[in-house]
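Structure record follows, encoded as structure tokens.
What follows draws every value from the coordinates through simple rules; no lab data is involved. Predicted model only: the values in this text are computed from it and were never measured. In this analysis, Cβ positions are derived from the backbone assuming ideal geometry, glycine residues included, and neighbour counts consider all displayed protein chains.
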């Protein structure tokens, strides 16, 4: 039996998880020379607003474990003096995001907070 990873397969596609995609966005955003961090109060207000959009049951696509991985990645990419999201906010993200529908989660800026529109 041939290995599907050999040269007989000229193109190999890999699907990204939602968490991996967010990490790509974080990496690109943090690499911008003029990126602008959002104030903690704006992030807190957005989290409070999202509480009303919480579903009764977890929604497929992201788990609390995924959010923790995003948080670790974010901390490794964003300089400490620009980190507006503390442990308490990451905990809120981890408990809330798995209960939000995809439409809410996919809005630009939800993870990094770069979109100041609420």
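If r is the Cβ-Cβ distance from residue 80 to residue 59 and R0 is 35 Å, what FRET efficiency results, to the nearest 0.05? Step by step, r from the Cβ atoms, then E = 0.60.
Could you work out Rg/(2.2 N^0.38 Å) for the stretch 31-87, with Rg from alpha carbons only?
The value comes to 1.33.
Look at 65, 57 and count the other Cβ atoms within 10 Å of each Cβ; fewest to most, that gives 57, 65.
Principal semi-axes of the equivalent ellipsoid, √(5λ) from the alpha carbon gyration tensor of the stretch 63-103, are 20, 10, 9 Å from largest down.
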